[in-house]
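> Got a structure for you, written out below as structure tokens; questions coming shortly.
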Amino acid sequence: MQENLKSCTLEKFLEHKTLYYDKIDFSIVKNSWEILKNHIKLPFVIHIVGTNGKGSTGRFLAHYLYKKEYKVLHYSSPHISKFNERIWINGSDVSDNNLEEAHKKIQNILPLELLQKLTYFEYTTLIALFLSSNFDYIVLEAGLGGEFDATNVVENNLSLITTIDLDHQSFLGNSVEEIARTKMRACNNHMIVGYQIHNKVKLEAFKVKEQLEQEFGYLIDITFVEEFEKYTINDKFAKYLKRNLHLVIEALKYLKIDIDIKLFDDVTLQGRCQKIAPNITIDVGHNPLAAQVLKSEFEHKKIILIYNSYEDKDYKEVLRILKPIIKELIILEIEDKRIANKNNLLNICKDYNIMTTFNLEIKENEEYLVFGSFLVIEKFLKLIGFNEK
């Protein structure tokens, strides 16, 4: 494989890449960017970090900027059905041709030793940055973290902080304060902090500001979004998305772009409490924070939960939170080494007295919530033959 690294297609190239990255490898993507940046003109960078809400916040913002006739790229991860979903350019997912063209150019620019060491996420981040050349804006959604995330290889002009809670503790830290610190240390200039469930996140923002100014000489400004009922969201969106919308509007105000709420109406938020049928909702959330907002969304209802989880997620807490709205749970079996042990999942359901089955059958008179991870959503959509137009 390595000898053909300079000539293989993007698909083949990524097949041999490690999916995740590590803090100690940050120098690889940084060195790669130092070379690549000489070949592009980077636009205004908006960096989004947080535990939940990054994808919807980024798409709301990118969609609005596009509607205002700015050239904009939105980079997010992971994807549900097709890799192209990760890079959204001026209203559409990137084309296969544009991806291959960018890939070939990067192959020719970067030395073999760096191409060999870059991970899946790092390389796809570089593709997004390369494709954004000469645009007005790039909206970058962080992967797992912030400070040592591949998306932080470029200086950001504006940082948006979505809700922060416990998640990915083995990588980010064991407390909300540690996680908030890791994420917010990605800030270079101005930070806008959105809806938070922990007051300590706001306190940590001031500490991070002081640290960054002392360590790097940055001048960090902080804005906190305080109102979350000022603007009314279209009824087709889940109520909790209003919080993310308010963060986006604060960002638009910072950018001195006038506000027209109706321009958000036709945005597509794939997999974010998305109704794909009158009785089927899909959501790519996978942690207790996501479970809390979905419990509120389906309050006073009973749903059939189609579910599975990654092993490193707190699925016991997720099911405890969702139990009041669960009528029955269908475990969607997935062949992946990261997926939770089936017996552990069954035992938790037994402890919570949740009726469980493996039989996937959709009935018109039942309401379904498909939830747990991008893999769950991808598998479900394939099983029902869903094609979004």
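> Quick check on region 166-178. Is at least one of its residues touching a His at 6+ places or on another chain (Cβ under 8 Å), at pLDDT below 95 and open to solvent by less than 30 Å² (accessible area, probe 1.4 Å)?
yes
> Does region 57-101 hold any residues that are without any contact (Cβ under 8 Å) to a residue 40 or more places away in the chain, within 15 Å of D266 (Cα to Cα) and not aromatic (F, W, Y), and which are they?
Of everything in region 57-101, those that are without any contact (Cβ under 8 Å) to a residue 40 or more places away in the chain, within 15 Å of D266 (Cα to Cα) and not aromatic (F, W, Y) turn out to be N90, G91, S92.
> Still on this structure: Out of (1) open to solvent by less than 30 Å² (accessible area, probe 1.4 Å); (2) in a helix (DSSP H, G or I); (3) more than 16 Å from A291 (Cα to Cα), the odd one out for L346 is which?
(1)
> Cβ contacts < 6 Å: first residue without any contact (Cβ under 8 Å) to a residue 40 or more places away in the chain, restricted to region 346-371; second residue β-branched (V, I, T) and open to solvent by 30 Å² or more (accessible area, probe 1.4 Å), any location; separation 6+ or different chain. Result?
Listed by first residue and then by second, the contacts come to C349/T356.
> What do you reckon, is I354 over 20 Å from D165 (Cβ atoms) and either in contact with a helix residue (DSSP H, G or I) (Cβ under 8 Å, 6 or more places away or on another chain) or part of a helix (DSSP H, G or I) (or both)?
yes
> Inside region 259-318, counting only strands (runs of 3 or more DSSP E) that do not spill past its ends, which hold 3 or more residues that are touching a residue at least 40 places away in the same chain (Cβ under 8 Å)?
280-283, 303-307
> Among the residues of region 136-162, which ones are in a loop (DSSP other than H, G, I, E, B), in contact with a Gly (Cβ under 8 Å, 6 or more places away or on another chain) and at pLDDT 95 or above?
T162
> For the subset of region 119-135 comprising residues that are polar (S, T, N, Q) and at pLDDT 95 or above, which member is most open to solvent (accessible area, probe 1.4 Å)?
N134
> Can you find a residue in region 183-199 that is modelled with pLDDT under 90, open to solvent by 10 Å² or more (accessible area, probe 1.4 Å) and within 30 Å of K37 (Cα to Cα)?
So far as region 183-199 goes, no, none of its residues is modelled with pLDDT under 90, open to solvent by 10 Å² or more (accessible area, probe 1.4 Å) and within 30 Å of K37 (Cα to Cα).
> Just to be sure before I move on: is N234 touching an Asp or Glu at 6+ places or on another chain (Cβ under 6 Å), open to solvent by 10 Å² or more (accessible area, probe 1.4 Å) and modelled with pLDDT of 95 or more in the structure I sent?
The answer is no for N234.
The values are calculated or read from the model by the stated rules, or taken from the named source; none is laboratory data. Remember, predicted model here, so these are calculated numbers, not experimental data. Every residue, glycine as well, gets a Cβ built from its backbone with ideal geometry; the counts of neighbours run over all protein chains shown. Only protein heavy atoms, including side chains, enter the accessible area calculation; ligands, DNA and RNA are left aside. Shrake-Rupley method; radii C 1.70, N 1.55, O 1.52, S 1.80 Å.
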